[in-house]
Amino acid sequence: MNPDRSLYPEMGEDGKPIIDLSSHKFLKIWQGPQHPGVTGNMSLELTVNGDEIVESKTHVGYLHRGFEKLMERRKFIQCFPTCIRMCVAEPDPNEYILSSCIEDLAGIEVPEMAQWLRTLALEMARLQVLLRGVPGQGGTFALGLGYQWGNYIRDLILDRFEELTGGRVYHMYILPGGVRGLLPDGFKKRMEENLKLVDEFVKNIDDLMYNNAVFKQRAKGLAVIPKEWIDTYGVYGPAARAAGVMRDVRKTHPYLKYAELDFEPYTTTESDVYARSRVRWYDLQMTVDLIRQIMAKMPEKGEIKAETPNVMHWRIPKGETYQKCESSRGEYGMYMVTDGSDMPRRVNLKGPSYTHANALLDKLLINANIADTAAIMVSLATCPPEIER
Amino acid sequence: MKDLIKDIESRFEVSDYIQKLDHLAFVTVEKEQAIALVTYLRDYRKFTSLTLLTAVDWLEDGVFQLTYLLNNPSELTEIGVRVMIDRENASMESAHHLWENMMTYQRELREMFGIDFPGSPRINEDFILEGWGDLPPYRRDFDTKVYSEETYFPRPGRQSNDPATYMKSKMYPNE
């Protein structure tokens, strides 16, 4: 990753590249914020030399609604509708870490049945994200068919979410003290039918994408993340595991019922776009297996919510904590500070996109071909709302 | 974790220490020692990963609290290094040389809290906001409600309620 700088802008004394657009050597173009090859509303300010990127700057803020600030003016229970919007694609980890922070600071023990149901909801959330995320990588190379297949099955998983929680995209199923309800009658049977479709989908995607000559030629060797970058740039989850570094909160700091489940997250060492996509493909299979294990091991009935004070008058003792879980993109954490009042003093969300889409993407895009921009960005699974909260 | 805290206390002046969870602790040090401690933790105690850097505005005390949350992936422990800095002309030594992703956090804090990190790359470039001329919006004295009322105008026919009062009237009408 030490490109030949003779083709590149000269570096000024301040360490910044000198880009003289009037030299006709460089062209500045914007990818996003409205662009099919951008994951959500963000944009990349690219400086290109021919079709090669020589500098990239990520711009965010198109979705900024000041979530963290708004939560400082809301009672703890009122923070939930705000918090879940910090990642539209996978809102359930937001519910979980917010509940977990409140429970930790207030000293609440979550009943066992609720822990099983939370684990199930989090894995279902991962499943519905990966059903689009895995084939979505093919979409960046104009291979859109898998995405259509995945979207269909995702819709069926959203049906399960709807019967479990009442909502398709935003659920607010996980609340302080537990969850909102038990599994509906016949839920496990219907979920198993959906999982069989996912099994089939996994095989089809293997044929469609991973054995496809164009996909392989374009994704292999593209945007390699060296192992030594994992900590310096803040690389998490599947992107770190594709570089041979085991980063999965479910294994390193088991929460809820993960310690009672049998699973081993996949790691590889190639660390290119192909490897990151492949890791997510294995994650998809692991999620299906985990959902089956959870449904087999969880009790039929039980307490689903610990007793909590009246939520409108609930004052949480002064303190601070950091709670985390593993989202489909990697470690997803929340730092909460309380001052003894009925509203949080400060809430700070830490999602993997914060580092993936800024420091890391800016670096990875240098030396890349402009046609590979979308593929590289999607391989990091960025979710802009969690950057600009 | 206790050995680590003892080690830190022997080298730095720790004014406060909280063992939050088995794997998570918070220590408070003076502003002058904070970056030295963070560097020590990274280089000698295997806290090689920066989880986050953020600020808390203690308006009533006239200070910002900066929290550097570090992760030790080999021993699976986390430590939050807290430092209090004055709200007036808030400024902190930059640590962008320690992690490549640090400059993003510092740039955000400059924009959202008005905390300066002299020398940090692109520190004065807009990050999330564009052309913002008001108080840094994440400061406690920036009132989002007043800002909204002064900046935006309600469409006719729309009714707005105070969320707390409205929820109380719906959920606990007899209280």
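Each value in this text was obtained by applying a stated rule to the coordinates, not by laboratory testing. Source: prediction; values computed, not measured. With ideal geometry, Cβ positions are generated from the backbone for all residues, glycine too; neighbour counts draw on all protein chains shown.
Karplus couplings for the stretch A:329-337 from phi (6.51 cos²θ - 1.76 cosθ + 1.60, θ = phi - 60°), rounded to Hz, Gly and Pro as x?
9, x, 4, 10, x, 9, 9, 10, 10
In the stretch B:40-63, whose amide N lies under 15 Å from the spot 7 Å out along Cα-to-Cβ of residue B:135? List them in ranges.
Backbone N within reach: B:57-63.
Starting with the highest mean, order A:352-359, B:75-82 by the number of other Cβ atoms within 10 Å, averaged over the residues of each peptide.
A:352-359, B:75-82
When Cβ neighbours within 10 Å are restricted to other protein chains, what is their mean count per residue of peptide B:96-108?
Per residue, the average neighbour count from other chains is 4.
Pairing the Cα long axis of helix A:273-297 with the longest principal axis of chain A, what angle in degrees results, from 0 to 90 and rounded to the nearest 10?
Between helix and principal axis, roughly 10 degrees.
Provide the per-residue ³J(HN,Hα) series for the stretch A:40-57, in order, calculated from phi with Karplus coefficients 6.51, -1.76, 1.60 and θ = phi - 60°, each as a whole number of Hz, with x at glycine and proline positions.
x, 8, 8, 9, 10, 8, 9, 10, 10, 10, x, 9, 10, 7, 10, 8, 9, 10
For labels at residue A:151 and residue A:57 in the simple 7 Å Cα→Cβ model, what's the distance in nm?
My value for the distance between the label points is 3.4 nm.
Over the whole of A:314-320, what's the average partner chain Cβ count within 10 Å per residue? Rounded to a whole number, please.
The per-residue average across the peptide is 2.
Per the Kirkwood treatment, what hydrodynamic radius in Å, one decimal, follows for chain A from the mean inverse distance over all distinct Cα pairs?
About 21.9 Å, per the Kirkwood formula over Cα pairs.
Once you have all Cα-Cα distances for the stretch B:1-153, histogram them in 10 Å bins from zero and send the whole-percent values.
Distribution as computed: 10, 38, 32, 15, 5, 1 percent.
List the relative contact order of chain A as a percent without decimals, with contacts defined as Cα pairs under 8 Å and 6+ residues apart.
It rounds to 25 percent for chain A.
For a quick protection proxy, order the peptides A:112-124, A:43-55, A:167-179 by their average other-Cβ count within 10 Å, most packed first.
Result, highest mean Cβ count within 10 Å first: A:112-124, A:167-179, A:43-55.
Averaging over every viewing direction, what projected area does the convex hull of the Cα atoms of the stretch B:98-175 cover, in nm²?
Here the figure is 8.8 nm², rounded to one decimal.
Of A:28/A:363; A:216/A:251; A:318/B:20; A:257/A:305, which sit over 19 Å apart, Cα to Cα?
Result: A:216/A:251 exceed 19 Å.
Note down the relative contact order for chain B as a percent, whole number, built from C-alpha pairs under 8 angstrom at least six residues apart.
14 percent
What is the distance, in nm, between label points placed 7 Å from the Cα along the Cα-to-Cβ direction at residue A:270 and at residue B:91?
5.1 nm
Using a basic spin-label model with each label point 7 Å from the Cα along Cα→Cβ, how many nm lie between residue A:132 and residue B:166?
2.7 nm
Scan around residue B:20 for amide H atoms under 5 Å from its own, H built in the peptide plane at 1.01 Å from N, and keep only partners 5 or more places away or cross-chain.
B:25, B:26
Quick check: residue separation of residue A:182 and residue A:16 times 0.36 nm, minus the Cα distance between them. What number comes out in nm?
54.1 nm
Per-residue HN-Hα couplings for the stretch A:140-154, Karplus 6.51 cos²θ - 1.76 cosθ + 1.60 at θ = phi - 60°, whole Hz, x for Gly and Pro?
Computed from phi, the couplings for the stretch A:140-154 are 6, 10, 6, 10, x, 5, x, 4, 5, 4, x, 4, 4, 5, 4 Hz.
Using only atoms on other chains, find how many Cβ atoms lie within 10 Å of each Cβ of peptide A:353-361 and report the average.
4
With a 10 Å radius around each residue's Cβ, average the other Cβ atoms per peptide and rank A:250-262, B:163-175, B:61-73, A:84-96, highest first.
Output ranking for A:250-262, B:163-175, B:61-73, A:84-96: A:84-96, B:61-73, A:250-262, B:163-175.
Can you compute the helix-only [θ] at 222 nm over the protein assembly as shown? Use -39500 (n - 2.57) per DSSP H run of at least 4 residues, normalise by all residues, nearest 500 deg cm²/dmol.
-11000 deg cm²/dmol
Contact order normalised by length for the stretch A:120-174, with contacts defined as Cα pairs under 8 Å and 6 or more residues apart; what percent is it?
26 percent
Within 11 Å, Cβ to Cβ, of residue A:63, how many net charges do the neighbouring residues add up to if Lys/Arg are +1 and Asp/Glu are -1?
Local net charge: +1.
I'd like the orientation of helix A:92-106 relative to chain A: the angle between its Cα long axis and the longest Cα principal axis, in ° from 0 to 90, rounded to 10.
60 degrees
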